[in-house]
Amino acid sequence: MGTREGWQLPATEALRVGPDTDVDGLDTTATPGFVGGKSVGERLLEERGAVLSDLQEKLFANARARDEQRSVLLVLQGMDTAGKGGVVRHVIGHVDPQGVDHASFGVPTPEEKRHHYLWRIRKALPRKGQLGVFDRSHYEDVLVVRVHDLVPRSEWEARYDEINAFEHELVESGTTLVKVAMFVSPDEQKARLAERLERRDKHWKYNPGDITEREFWPQYKEAYQAMLDRTSTPHAPWHVVPADRKWYSRLAVTELLIGALQRLDLDWPAANFDVEAEKRRLAGS
């Protein structure tokens with residue numbers, strides 16, 4: 001790889017939400033912090049996937065050997081076709097599945113509706129040593145709920161502060177949050193929906209309701225802007241990932257996870273037995 005290709009800024013720095021983050025003006029084809037095209041990005045994704053796998057295994061091993069209580073939770077939010085499922089397959093697919101707790105949140109079930117909206121979220125939190133993945137999350141309750149007026153404004157308005165308090169509680173208990181908002185353009189979404197209609201192997205992914213939701217694009221932009229403005233905190237910041245280029249969004253999420261795991265400063269747990277003695281026992285067996 002050439003010296004002018006690759007990450008020119010750490011992903012967390014290039015993608016972290018700031019006071020000037022503007023959803024309406026976002027260039028969804030951009031590759032913030034990264035210089036190089038698709039071939040460079042895909043090659044780097046394989047290399048960095050191996051790094052991610054190693055770090056995730058250390059997280060898992062420390063929970064098993066040392067009873068460490070730490071975990072990492074990746075929160076993925078985005079409009080339909082933004083590529084959340086692709087991230088799960090192509091990024092989380094690099095790590096050992098036994099170390100992953102994955103949850104996908106759709107329309108609440110009748111049982112879930114009888115509880116507080118965070119009830120189903122708490123049930124799905126990653127166990128110690130696990131890399132948790134939320135494909136959609138508690139933020140549906142300030143996005144879809146807001147756009148479609150599913151509860152009174154006073155109720156969803158209060159949820160921003162409630163979510164901040166909930167996430168602060170998670171961080172204090174040892175969970176590192178990596179929050180990623182993925183954005184595609186209306187044109188790119190239309191192209192991806194068209195592909196699902198053209199390909200028989202993609203029909204299962206198509207939802208007629210996705211076209212209906214396109215009519216609410218301006219309202220969703222407002223809701224996402226409010227989400228970023230009001231719930232990107234020092235302990236749980238949001239990262240905005242332009243997602244028209246799938247290779248970039250997958251690479252960006254990989255880098256964000258690597259950064260989060262590296263900041264945990266993990267090492268392999270020491271053996272709780274005499275290694276040399278076990279070697280001798282094995283040789284003589």
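For segment 230-244, what are the residues that are in contact (Cβ under 8 Å) with a residue 12 or more places away in the chain, under 25 Å from E172 (Cα atoms) and not aromatic (F, W, Y)?
The answer is R230, T231, S232, T233, H235, A236, P237, H239, V240.
Give segment 213-251 a look and list any residue that's under 25 Å from F34 (Cα atoms), open to solvent by less than 20 Å² (accessible area, probe 1.4 Å) and among the hydrophobic types (A, V, I, L, M, F, W, C), or say none.
L228, A236, W238, V240, V241, A243, L251
Restricting attention to segment 197-212, and to residues there that are of a type outside the set (A, V, I, L, M), open to solvent by 40 Å² or more (accessible area, probe 1.4 Å) and outside any loop (DSSP other than H, G, I, E, B), which single residue is nearest to N164 (Cα to Cα)?
Within segment 197-212, the match that is nearest to N164 (Cα to Cα) is T212.
Quick check on my filter: what residues within segment 141-155 are part of a helix (DSSP H, G or I) and surrounded by fewer than 21 Cβ atoms within 10 Å (Cβ to Cβ)?
Matches in segment 141-155: V144, V145, V147, R153, S154, E155.
So which residues in segment 252-277 are of a type in the set (A, V, I, L, M) and open to solvent by less than 20 Å² (accessible area, probe 1.4 Å), if there are any at all?
A252, V253, L256, L257, I258, A260, L261, listed by residue number.
Considering segment 156-183 alone, what residues qualify as being open to solvent by 10 Å² or more (accessible area, probe 1.4 Å) and touching a Gly at 6+ places or on another chain (Cβ under 7 Å)?
Correct list: F183 only.
Do the conditions hold for R4, that is, is it touching a strand residue (DSSP E or B) at 6+ places or on another chain (Cβ under 7 Å), at pLDDT below 95 and not hydrophobic (A, V, I, L, M, F, W, C)?
yes
The values are calculated or read from the model by the stated rules, or taken from the named source; none is laboratory data. These numbers come from a predicted model, not from an experiment. Please note: Cβ atoms are built from the backbone with ideal geometry, for glycine as well, and neighbour counts cover all protein chains shown. The accessibility values were calculated without ligands, DNA or RNA, using every heavy atom of the protein model including side chains. Shrake-Rupley method; radii C 1.70, N 1.55, O 1.52, S 1.80 Å.
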